[in-house]
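Trainee: Here it is, the structure, as structure tokens.
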Amino acid sequence: MASVENKRALGAPFYTPEQSPPAGTAIDPATAPTLYQPLKIRDMTLQNRFAVSPMCQYSADDGHHTDWHFSHLSQFIIHGAALTIVEATAVLANGRITPEDSGLWKDSQIAPLKRIVDFAHSQGQKIGIQLGHAGRKASTLAPWLQSGGKHGIVASKEHGGWSDNVWAPSAIPIAEDDYAMPKEMTTDDIKELLQAFKDAARRAVEAGFDTIEIHGAHGYLITNFMSPITNHRTDNYGGSFENRTRLLFETIAAVREVIPASMPLLLRISATEWMEYADQPSWTLEESIKLAKLLPAAGIDLLDVSSGGNNDAQKIKIHPYYQIDLAAKIREELKKDGIDLLLGAVGMISNAEMAYSIVQEGKHEANGFSTEEGHTSKADIVLMARQFLREPEFPLRVAHQLGVEVKWPIQYHRAGWRKNQKI
Ligand SMILES: Cc1cc2nc3c(=O)[nH]c(=O)nc-3n(C[C@H](O)[C@H](O)[C@H](O)COP(=O)(O)O)c2cc1C
């Protein structure tokens with residue numbers, strides 16, 4: 001009898017069978033739609049274009065991940081998402097949104113993160129972490145403790161909060177009653193923050209992450225600096241576009257300094273704060289386009305385009321492509337100038353049609369789905385949050401709908417739908 005070997009996953013600190021190729025890989029990528037074609041970003045190769053968008057779980061223990069985080073993240077890893085990005089993780093304790101946020105401000109927080117990183121790698125999948133600071137949105141209660149869908153009920157000291165030490169570029173609260181009154185950061189605070197980003201990035205590398213995403217979106221600290229509505233500083237961190245984006249560029253440089261050149265660096269921004277209607281200077285799509293053009297030289301490989309979150313008074317005209325179109329516009333403007341920057345689209349992506357057409361480059365036909373000659377992609381990857389919570393096997397189901405044969409996790413191979421099976 002020929003010898004049979006049940007190969008173990010190389011480098012895994014526990015026995016698990018090798019997934020070769022990893023779940024979510026097209027059996028024939030050459031004929032597959034762009035959605036199932038690989039993408040190389042520096043030394044990280046994704047086997048498809050699905051990424052799990054970072055999702056706060058407000059479930060950490062003094063910033064340490066627990067079995068909840070492991071279970072939550074492992075579902076996406078098992079089911080073929082090429083990249084899973086760990087939730088917003090605070091670089092300083094006062095950079096948490098809630099007392100139960102994920103953190104990487106001390107070395108003891110590395111080990112539980114390394115556990116999920118090792119697991120992702122044992123499955124042949126890639127994993128990143130979003131590093132950030134909550135700025136003036138810090139020290140609030142977990143969302144499920146807030147009534148009527150309201151956000152931002154202050155976590156006081158008795159709830160483990162630090163409402164007397166909330167940082168912002170200027171002492172402007174989000175709302176008088178519900179959020180803490182932030183302190184205007186001194187230049188020493190800014191230095192401390194940059195050092196914290198550096199230390200957290202070093203810890204992320206030690207945990208084995210494949211990539212880092214800097215959180216520059218949703219009204220957290222970096223957005224607070226970028227917006228003229230929340231940044232009234234008169235020093236060289238406020239005023240002009242150059243000054244308002246200084247903290248962001250210094251953060252990028254601090255992180256790049258401590259991560260390997262082979263490691264991709266991602267940035268999430270809010271492409272607009274949806275305050276154009278208010279007839280006052282605000283962070284707009286035009287400023288995002290200007291920013292995007294400067295990012296490759298600064299060391300950013302992929303721009304993840306989100307929006308909003310900096311003002312309670314934002315007005316958004318929501319439709320399924322309201323955010324995807326922002327990514328597409330930035331991409332179009334970059335192309336005009338011949339600037340190479342990968343784009344990530346996020347927001348309301350919940351079906352095969354959207355995921356397929358957003359990343360499809362050129363004409364393609366697949367199982368009733370098609371794009372025309374000259375069709376241009378709006379982004380290089382699709383990030384999803386809520387759909388992955390509803391349906392962790394989304395990349396496998398979409399493949400079936402598009403008629404693309406993909407690898408399943410080998411332990412689950414008997415569960416794959418039959419060709420043309422209606423689901
Ligand atoms: C439970 C939950 C937690 C989230 N936490 C984060 C986060 O940590 N960082 C972030 O940038 N966005 C966060 N978001 C926003 C998502 O990453 C995503 O941008 C948004 O939900 C829109 O995508 P979707 O329509 O696919 O859900 C969160 C969203 C949800 C639903």
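What follows draws every value from the coordinates through simple rules; no lab data is involved. For clarity, every value in this text was computed on a predicted model and none was experimentally measured. Cβ atoms come from the backbone with ideal geometry, glycine included; neighbour counts cover every protein chain shown.
Trainee: In the list Tyr220, Tyr179, which residue meets the criterion of being in contact (Cβ under 8 Å) with a residue 12 or more places away in the chain and within 16 Å of the ligand (Cβ to nearest atom)?
Mentor: Answer to the selection: Tyr220.
Trainee: Tell me, yes or no, whether segment 336-347 has at least one residue that is in contact with a Leu (Cβ under 9 Å, 6 or more places away or on another chain), more than 20 Å from Val382 (Cα to Cα) and touching a residue at least 40 places away in the same chain (Cβ under 8 Å).
Mentor: Yes, the conditions are met somewhere in segment 336-347.
Trainee: Consider segment 322-347. How many of its residues are in a loop (DSSP other than H, G, I, E, B) and buried (at least 17 other Cβ atoms within 10 Å of the Cβ)?
Mentor: 3
Trainee: What's the number of the only condition in (1) in a loop (DSSP other than H, G, I, E, B); (2) in contact with a Ser or Thr (Cβ under 9 Å, 6 or more places away or on another chain) that Pro173 fails to meet?
Mentor: Status for Pro173: all satisfied but (2).
Trainee: Still on this structure: Would you mind finding the one in Gly63, Gly11, Gly80, Gly24 that is touching a Leu at 6+ places or on another chain (Cβ under 6 Å) and on the phi > 0 side of the Ramachandran plot?
Mentor: Gly80
Trainee: Every residue in segment 185-195 that is part of a helix (DSSP H, G or I) and without any contact (Cβ under 8 Å) to a residue 40 or more places away in the chain, please.
Mentor: Within segment 185-195, Asp188, Asp189, Lys191 qualify.
Trainee: Just need a number here: residues in segment 409-423 that are under 20 Å from Ala30 (Cβ atoms) and of a type outside the set (D, E, K, R).
Mentor: 0
Trainee: Which ones in segment 337-395 are closer than 26 Å to Lys290 by Cβ, away from the ligand (no atom under 11 Å from the Cβ) and aliphatic (A, V, I, L, M)?
Mentor: Of everything in segment 337-395, those that are closer than 26 Å to Lys290 by Cβ, away from the ligand (no atom under 11 Å from the Cβ) and aliphatic (A, V, I, L, M) turn out to be Ile339, Leu341, Leu342, Leu343, Ile358, Val359, Ala379, Ile381.
Trainee: Same structure again: Residues that are more than 16 Å from the ligand (Cβ to nearest atom): find the strands (runs of 3 or more DSSP E) completely inside segment 29-116 holding 2 or more of those.
Mentor: Because the criterion is at least 2 residues that are more than 16 Å from the ligand (Cβ to nearest atom), the strands (runs of 3 or more DSSP E) in segment 29-116 that meet it are 39-41, 44-46.
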